1. For the range 436-505, what does the accessible surface come to per residue with a 1.4 Å probe? Please give it in Å².
2. For Lys106, go through the aspartates and glutamates and keep the ones whose alpha-carbon is under 16 Å away, minus same-chain ones fewer than eight residues off.
3. Roughly what angle does helix 434-456 make with the longest principal axis of the chain, taking Cα atoms, 0 to 90 degrees, to the nearest 10?
4. Could you pull out every residue, at least 5 positions away or on a different chain, whose amide H is within less than 5 Å of the one on Ile32? Hs are placed 1.01 Å off N in the peptide plane, and Pro or chain starts have none.
5. Going by amide H atoms built from the backbone, whose H comes under 5 Å of the H on His204, apart from near neighbours?
6. Where in the chain lies the longest segment free of GluC sites (Glu not before Pro) that are both loop residues by DSSP (not H, G, I, E, B) and have at most 14 other Cβ atoms within 10 Å?
7. Treat every Asp and Glu Cβ in the chain as -1 and every Lys and Arg Cβ as +1, leave all other atoms uncharged, and give the resulting dipole magnitude about the Cα centre to the nearest 20 debye.
8. Shape verdict for the chain, please, from the Cα gyration tensor: rounded (a/c under 1.5), prolate (a/b greater than b/c) or oblate.
Amino acid sequence: MRNRIIMFSLSLLLILGLVPGPAAGAAAKPKIAKEKQLALDWLARPDTVEKFGKISDAIWEYAELGLQEFQSSKLLADTLEAAGFTVERGLAGMPTCFVASYGSGKPVIGLLGEFDALPMISQKARVPKQDPVIEGAPGHGCGHNAMCTAAAAAAIAVKEAMVAHGIKGTIKVFGSPAEEIVASRPYMIRAGLFEGVDAVIDNHSSSGFGTDYGVSGNALFSTIFTFKGKTSHAAGAPWVGRSALDAVEIMNVATNYLREHLPLSQRMHYVILEGGEAPNVVPDKASVWYYVRNTDERLEDMYRRVIDCAKAGALAAGVEIASMRVVSAIHQRHANKAAAELIQKNIELIGMPAWTEDEQAFAKALQKELGAEQKGMPKEVDKLEAPSGAAYGGGSSDVGDVSLIAPTATIGFPGSVPGSIGHHWSAVACFYGSTTWKGLNAGAKAIAASAVDLLTKPEELGKLRKEFEEYSKTHPYKPLLPADAQPPNDLNKELMDKYRGLLEKALAVK
Ligand SMILES: [Zn+2]
C-alpha cells in the first residue's frame with residue numbers, strides 16, 4: 001500500500017514534470033524526427049554495435065603511431081567505401097589521410113575522425129594494473145581507436161537516413177592522421193580539403209558524455225632543432241671538436257630559465273632525438289624536439305624567444321643550427337556555441353549507456369589501483385557549462401585550426417573509467433571491449449543525430465553559420481604553419497617498424 005502511494009505520488013510528480021524520469025530522454029519522450037529515428041535505430045542494432053566495436057578493438061591492437069596508421073586508416077576507409085561512400089586516400093601529402101563522402105551539394109557536414117596511438121604506453125586490455133603487451137611499445141592511451149570509428153558509424157547511419165528519406169546534401173568523414181603529433185589538420189586545410197564544408201562535428205573519447213564551447217587548449221609550435229658541430233676524439237683532442245649536444249643542453253637550460261618569465265598559460269616540453277652515439281666521440285649532430293604552447297595571442301612571441309635560446313646554445317657551443325623543422329603549428333580550439341547547444345540536446349536525448357556489474361567492477365578496481373575515488377562508471381551525461389574564461393595552459397589539438405575555418409564543436413563520448421589518466425597505461429587498459437563499444441556507439445548516435453539536424457533543419461545550421469561568420473570578423477584564420485612545412489611522414493617510422501611485428505605476435509597468442 002505504502003509502495004502504491006509512493007508510486008502514485010511519483011507518477012503525479014512525473015506528469016507535473018517536477019522530477020526527471022529514470023532516463024530523462026525516454027521519460028520526456030521528445031518527438032524525434034523520422035530521419036533521426038532511422039539513424040538512431042540503425043546504430044542501435046546489435047550487429048552495428050558489434051561491427052564498430054570490433055573495428056575499434058582492431059585499431060587498438062594495431063596501436064599505430066601518427067602517420068604510420070596504414071592498417072587503421074585502411075580498415076576505416078574500406079568500411080566507408082563498402083557502405084557506399086566515395087573515398088579519396090593519401091591526401092594532403094599524407095598516405096594515411098582520407099576523406100569519405102556521400103551525397104552531393106549543400107549543405108556539407110564534416111565529421112572529424114582520429115586513429116593514432118601514443119608511444120611507450122603499451123598495456124593489456126581491461127587489466128587494472130600496469131602490464132604491457134610489449135614493454136615500450138605504443139598503445140591507445142587517448143582512445144583514438146574509437147574516434148574515427150564513431151565518426152564512420154555515424155556517417156553510415158546518416159547515409160541510411162539520407163537514402164530512406166531523400167535528404168539532400170553531403171556527409172563527409174575526414175580521416176585525420178597523427179593527432180597526437182597535432183600534425184594533420186593544418187596540412188589538410190592547406191590542401192583545400194575543407195573547402196565548402198558548412199559545419200564540422202568533432203569527437204573525442206572520454207569518461208563523460210558532453211560537449212563544450214568557447215576557447216580552450218593551447219596553440220602550439222612543434223619544432224625539431226638540429227645542431228651541426230665537429231667530431232673529434234673526446235679524450236685525445238677534445239679541443240678540435242665542437243659538440244652539437246652541448247648546444248642542445250645549453251638551449252634547454254636557457255628555455256628552462258625562460259619559463260619563469262612567461263605567463264601561466266604556457267606549456268613547454270622537449271625530448272632529445274639525437275645526442276651522439278658514444279661518449280668518446282664528440283657528437284657533431286644533435287637534435288631536440290620541442291612542443292612550445294601558449295594562447296593564440298602569446299604563442300608567436302614565446303616561440304621567437306625559444307628560437308633565441310637555440311641561437312644562444314649554438315653560439316656558446318661554437319656550432320651551427322643546421323635546421324629548425326616545424327613539424328606542425330596550430331591554433332587554440334574555438335568551439336561554436338550554437339553547435340554545442342544543438343549537440344547537447346542530442347546527448348541528453350541519447351543518455352548515458354547502462355554499465356554492467358563486470359564493467360563497474362573493472363572501473364572500481366582500476367580506480368583503486370590509481371588511488372582515485374572508487375565511484376565506478378558515470379550515470380549521467382554532462383551539463384553544458386559556460387566556459388570558465390581562465391587561460392591556464394593544457395593540451396592542444398589540431399582541431400583548433402578546423403574550428404577557425406568552419407563552425408565546429410566536439411562530442412566527448414564515454415567508455416573510459418573516471419580517474420584513469422590520459423596518455424598513461426591506465427587509459428590504454430580502458431579503451432578496449434564492452435565499455436568502449438557502448439561508449440563509441442552512444443557517441444556515434446549523438447554525432448549522427450546532430451548531423452541529421454544540420455542536414456534537415458536549415459534554421460539550425462543558420463545559427464551556427466551566423467555565429468561563426470560574426471566570430472571570424474575578429475578571428476580570421478591565419479595559418480601558423482609555415483608555407484614550406486611538410487607532413488612528418490618519417491617521424492614515427494622507425495619506432496613503428498620496431499614494434500609492429502612484436503605487437504602482432506604477442507596479440508595473436510593472447
Ligand atoms: Zn586525444
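The values are calculated or read from the model by the stated rules, or taken from the named source; none is laboratory data. All values derive from a computational prediction rather than experimental measurement. Cβ: placed from backbone, ideal geometry, glycine included. Neighbour counts: every protein chain shown. In case anyone asks, the SASA skips ligands and DNA or RNA and just uses the protein heavy atoms, side chains included. Shrake-Rupley method; radii C 1.70, N 1.55, O 1.52, S 1.80 Å.
1. For the range 436-505, the solvent-accessible area averages 52 Å² per residue.
2. Glu195, Asp198, Asp453, Glu459, Glu460
3. Orientation of helix 434-456: about 70 degrees from the principal axis.
4. none
5. Ile411, Gly412, Phe413
6. 1-134
7. About 940 debye.
8. Verdict is prolate for the chain.
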